[in-house]
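The values are calculated or read from the model by the stated rules, or taken from the named source; none is laboratory data. This is a predicted model, so every value here is computed, not measured. Because the Cβ atoms are built from the backbone with ideal geometry, glycine has one as well, and the counts that use them run over all protein chains shown. Accessible surface areas use protein heavy atoms only, side chains included; no ligands, DNA or RNA. Shrake-Rupley method; radii C 1.70, N 1.55, O 1.52, S 1.80 Å.
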Amino acid sequence: MAVQYDLEGQKKAYAKWAPIYDKVYVKLLADAQRKTSAAAAACGPDILEVGVGTGLVLPYYPAHCRVTGIDLSFHMLQKAVEKKVERGLKQVGLLCAMDACKLGFADHSFDAVTVPFVITLVPDPEGALDEMYRVLRPGGEIVVASKLGADEGATMHVEAALAPLVKKIGWSIAFKASRLRNWAAKYPDMEVVSIAPVFPVGFFKMVRIKKKAA
């Protein structure tokens, strides 16, 4: 039996967040967003951002890039379109509503796929990553920035104690970095090349998953 996800419930939640999202997260996520966009741009100009939201990352992509952004929420996308127009972001192309698990792009369409602070919110992360793999060109990377729970040690126990509070702001302690490693291991041409801390150090991480060149 196919799993049913509450996509409409997610859309309603994002509609409530859209007006205040930038004020809450603009400074907190800036370091991760800059580093994520830079890592993606180093792979090539054609970039897909999954979960573009209000477009907070868009200004960080270099001018030579061709960025496509998707999101589940029309309300979030409206904010992203406003940024594109108001700031003259010529590197930003198509911004559209789309399910991350059903990407409407041809195979091997992008040099990089960025996933900024979204992977723990997707109902089927592995399904979404499978789609990102499909549209990613050989030699490219999936770059994930997220709150990733520790797999062991004292940090794991501290995070477990904070789990109820963290859940209220949309992050999941249950999502571990090992889950990304396990997904990448399904594909002989995919490799996790780095897991690096970003500000605030130890809380957020950036993961680069590379698709081997043909």
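If a residue must be open to solvent by 40 Å² or more (accessible area, probe 1.4 Å) and of a type in the set (A, V, I, L, M, F, W, C), how many such residues does segment 51-66 contain?
So in segment 51-66, the residues open to solvent by 40 Å² or more (accessible area, probe 1.4 Å) come out as 59-60, 62-64, 66.
Then drop every residue that is not of a type in the set (A, V, I, L, M, F, W, C), which leaves 63.
Matching residues across segment 51-66 total 1.
So which of G69, G104, G88 is closer than 20 Å to M132 by Cα and either open to solvent by 20 Å² or more (accessible area, probe 1.4 Å) or touching a Phe, Trp or Tyr at 6+ places or on another chain (Cβ under 6 Å) (or both)? Don't jump to the end; show me each part of the working.
Working: G69 fails: either open to solvent by 20 Å² or more (accessible area, probe 1.4 Å) or touching a Phe, Trp or Tyr at 6+ places or on another chain (Cβ under 6 Å) (or both); G88 fails: closer than 20 Å to M132 by Cα.
It is G104.
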I'm trying to understand the selection: among the residues of segment 168-194, which are part of a loop (DSSP other than H, G, I, E, B) and at pLDDT below 95?
I169, G170, W171, S172, I173, A174, F175
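May I ask you to verify whether T36 is within 24 Å of G127 (Cα to Cα), in contact with a Pro (Cβ under 8 Å, 6 or more places away or on another chain), open to solvent by less than 40 Å² (accessible area, probe 1.4 Å) and not hydrophobic (A, V, I, L, M, F, W, C)? Walk me through how you get there before you give the answer.
Details: within 24 Å of G127 (Cα to Cα): yes; in contact with a Pro (Cβ under 8 Å, 6 or more places away or on another chain): yes; open to solvent by less than 40 Å² (accessible area, probe 1.4 Å): yes; not hydrophobic (A, V, I, L, M, F, W, C): yes.
Here the answer is yes, as T36 does meet what is asked.
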Considering only residues of segment 195-214 that are outside any strand (DSSP E or B) and at pLDDT 95 or above, which is farthest from the chain's Cα centre (by Cα)?
A213
Filtered residues of segment 127-145 (kept if open to solvent by less than 30 Å² (accessible area, probe 1.4 Å) and touching a His at 6+ places or on another chain (Cβ under 9 Å)):
V135, L136, G140
Can you tell me which residues in segment 62-90 are assigned to a loop (DSSP other than H, G, I, E, B) and farther than 21 Å from G104 by Cβ?
P62, A63, H64, R87, G88, L89, K90
What pairs come out if I take residues in segment 109-126 that are surrounded by fewer than 21 Cβ atoms within 10 Å (Cβ to Cβ) and acidic (D, E) and pair them with residues that are in a loop (DSSP other than H, G, I, E, B) and modelled with pLDDT under 95 whose C-beta lies under 9 Å away, six or more apart or interchain?
D124/V3; D124/Y5
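So which residues in segment 188-212 are of a type in the set (V, I, T) and open to solvent by 30 Å² or more (accessible area, probe 1.4 Å)? First the steps, then the outcome.
Taking segment 188-212 and keeping what is of a type in the set (V, I, T), we get 192-193, 195, 198, 201, 207, 209.
The answer is V192, V193, I195, V201.
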